[in-house]
Amino acid sequence: MAERVLTEELLQRLEIVDGGTDSAELARDLGVDHQLVVGAVKSLQTLDDVIEAEQRSHKHWELTEEGKDIVQNGSHEARVFDAIPPNGILQSELMKLSSGKVGFSKAMSNKWIRIDKKAEGGPRIFRAMDHIEDSVKVKLLLVQDRKDCVLEEKEKNELKKRKLLSEVTMKTYWITKGSSFSTKVVRQDTDLTPEMIANGSWQSKKFKPYNFDALGIIPECGHLHPLMKVRTEFRQIFLEMGFTEMPTNNFIESSFWNFDALFQPQQHPARDQHDTFFLSEPAIATEFPVDYLERVKKVHSEGGYGSQGYRYDWKIEEAQKNLLRTHTTAVSARMLYKLAQQEAFTPVKYFSIDRVFRNETLDATHLAEFHQIEGVVADYDLTLGDLMGVLQQFFTKLGITKLRYKPAFNPYTEPSMEIFSYHEGLKKWVEVGNSGVFRPEMLLPMGLPEGVCVIAWGLSLERPTMIKYGINNIRELVGHKVNLQMVYDSPVCRLDS
């Protein structure tokens, strides 16, 4: 039935009835789908007060597909009973029937059948009575014939538990005449055309009022990946705290800046091929600040600045090896060295958020490529208390207030601390980052004045993003398994406080 005809039928019904009419009843009387009537109601609602429609909810019981099958063919237990011949049937044969497993247990509980476990050939099933009444089929027939049929609560729950019945909520409209009711629908114009203005016909036209509350069509646009949304949030926090972003566009570093400048010995396990991606072309770097390189060599092999060093034969060949940077702390080292070359030292606060690379075994929580968030503060006489204060402010802005610290070891920080936060969902303390005070063996060879301390901390970008978006496998966040619909649907990220 066309919408126009259906709309006219609805208005004619309202003309002759007292009070109003229900959209579901009208659909049944006209023999059409209820949604078509709902469409006609919504169409009439766009006209000025022609009708009034109040949405109502009705609950009723409906047979599931399995319930409809039982109405046609009987319950599973009745089918099992009917399948048993006078001389019985082997239990193994009975179980081959489509209703065998379900029907057997129900028929046994109803005491319709009995089992002889000592029978020849194996357990044998016999009828325990001559006739049965299929009460399940009878109850389902009552519901099918009268959806408002009142069954006992226990009976309804039993049938629902067996997935033979389901309670359905149906939303309908109670339709009444509006203040401008008419059986003749006059369509309102939506556009004022140049022709209407030229011939003056606009004066007799009735225009549909503008709906200024309408959302309109969502414009086509790009969508930020969840990682980029969380990255923006972290970046905003750093900027609010007065930090300056470091340039991090060099993914390739020499071992000198990635390890040696950070007072990390050349025999350290992290410098092995099992943990680091080394480049084959170009394999080595050749440009270094010579004076600084000599000071780094000396503090490694002989000690200095109050340290005995590592006491080994430091080799330039190891420092020259090119690699994919394993942490953005290599960028921090470059920036601190640049700071040390100024004529007069000035306190700084730096941050970076960018990709790093490690030769990890891929699993649900580890990738060979991930993002590191790093904050660095350099000033005179900074202490561990300053570090803890900055961390408290930083994590408070993330909505994390319960913090604990655990002593740790890093080659380039002393003291070092792992940062833990109490996870309300998991009801336990979880590690959220690492931190520490850069060692004098790292800072003084750069040329920074004595008394200048540098505090730093770092954490990953992927872990908080996975927690925020409920992602359990990191491979669903990055890579070819990313669900693009998830990127489209995800709202702008706001870290909950």
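The values are calculated or read from the model by the stated rules, or taken from the named source; none is laboratory data. These numbers were taken from a predicted model, which means no experiment stands behind them. Here Cβ is always computed from backbone atoms with ideal geometry, including for glycine, and neighbour counts include all displayed protein chains. Protein only, heavy atoms only, side chains kept; ligands, DNA and RNA dropped before computing areas. Shrake-Rupley method; radii C 1.70, N 1.55, O 1.52, S 1.80 Å.
Structural remarks
- In summary, residue 113 fulfils each of the numbered conditions (1) surrounded by 13 or more Cβ atoms within 10 Å (Cβ to Cβ); (2) closer than 23 Å to residue 61 by Cβ; (3) not hydroxyl-bearing (Ser, Thr, Tyr) with the single exception of condition (2).
- Qualifying residue in the range 375-385 (condition: open to solvent by less than 30 Å² (accessible area, probe 1.4 Å), touching a Gly at 6+ places or on another chain (Cβ under 6 Å) and part of a strand (DSSP E or B)): no
- Residues satisfying the stated conditions in the range 230-245, i.e. surrounded by fewer than 18 Cβ atoms within 10 Å (Cβ to Cβ) and part of a loop (DSSP other than H, G, I, E, B): 241, 242
- When 54, 15, 66 are checked against the criterion of being at negative phi, open to solvent by 10 Å² or more (accessible area, probe 1.4 Å), out of contact with any Lys or Arg (no Cβ under 9 Å at 6 or more places or on another chain) and not in a loop (DSSP other than H, G, I, E, B), a single residue qualifies: 54.
- Test: residue in the range 145-160 that is hydrophobic (A, V, I, L, M, F, W, C) and modelled with pLDDT of 85 or more: yes
- Close pairs from the range 29-47: first in a helix (DSSP H, G or I), partner open to solvent by 70 Å² or more (accessible area, probe 1.4 Å) and acidic (Asp, Glu), Cβ under 7 Å, at least 6 apart: 30/9; 39/3; 40/3; 43/3
- If you go through the range 429-439 and keep only what is touching an Asp or Glu at 6+ places or on another chain (Cβ under 8 Å) and not small (Gly, Ala, Ser), you end up with 431, 434, 437, 439.
- Taking the criterion of being aliphatic (A, V, I, L, M) and either within 15 Å of residue 52 (Cα to Cα) or not in a helix (DSSP H, G or I) (or both), the residues of the range 1-12 that qualify are 1, 2, 10, 11.
- Criterion violated by residue 165 - all others in (1) at negative phi; (2) without any contact (Cβ under 8 Å) to a residue 40 or more places away in the chain satisfied: (2)
- Condition broken by residue 191, with the remaining ones in (1) within 30 Å of residue 69 (Cβ to Cβ); (2) open to solvent by 90 Å² or more (accessible area, probe 1.4 Å); (3) among the acidic types (Asp, Glu) satisfied: (1)
- Test: residue in the range 295-304 that is open to solvent by 100 Å² or more (accessible area, probe 1.4 Å) and modelled with pLDDT of 85 or more: yes
- As for the range 216-229, it holds no residue that is of a type in the set (D, E, K, R), assigned to a loop (DSSP other than H, G, I, E, B) and either open to solvent by less than 80 Å² (accessible area, probe 1.4 Å) or in contact with a Pro (Cβ under 7 Å, 6 or more places away or on another chain) (or both).
- In the range 253-272, the qualifying residues are those that are more than 14 Å from residue 445 (Cα to Cα) and not in a loop (DSSP other than H, G, I, E, B), and the one that is most open to solvent (accessible area, probe 1.4 Å) is 269.
- Within the range 70-87, the set of residues being farther than 20 Å from residue 119 by Cβ and touching a helix residue (DSSP H, G or I) at 6+ places or on another chain (Cβ under 8 Å) comprises 70, 71, 73, 74, 75, 76, 77, 78, 79.
- Top-ranked residue of the range 398-453 - restricted to ones that are of a type in the set (Asp, Glu) and closer than 20 Å to residue 257 by Cα, ranked as least open to solvent (accessible area, probe 1.4 Å): 441
- When the range 285-302 is filtered for residues that are of a type in the set (A, V, I, L, M, F, W, C) and either out of contact with any Pro (no Cβ under 8 Å at 6 or more places or on another chain) or within 10 Å of residue 261 (Cβ to Cβ) (or both), the ones remaining, listed by number, are 285, 288, 290, 293, 296.
- Within the range 392-428, tally of residues that are touching a residue at least 24 places away in the same chain (Cβ under 8 Å), within 22 Å of the chain's Cα centre (by Cα) and assigned to a strand (DSSP E or B): 1
- Residue selection: residue 289 fails the criterion of being touching a strand residue (DSSP E or B) at 6+ places or on another chain (Cβ under 8 Å), closer than 18 Å to residue 442 by Cα and surrounded by fewer than 16 Cβ atoms within 10 Å (Cβ to Cβ).
- Selection count, the range 71-100, where residues are in contact with a strand residue (DSSP E or B) (Cβ under 8 Å, 6 or more places away or on another chain) and either among the β-branched types (Val, Ile, Thr) or open to solvent by less than 30 Å² (accessible area, probe 1.4 Å) (or both): 7
- Top-ranked residue in the range 88-126 [being in contact with a helix residue (DSSP H, G or I) (Cβ under 7 Å, 6 or more places away or on another chain) and in a helix (DSSP H, G or I); ranked as farthest from residue 70 (Cα to Cα)]: 94
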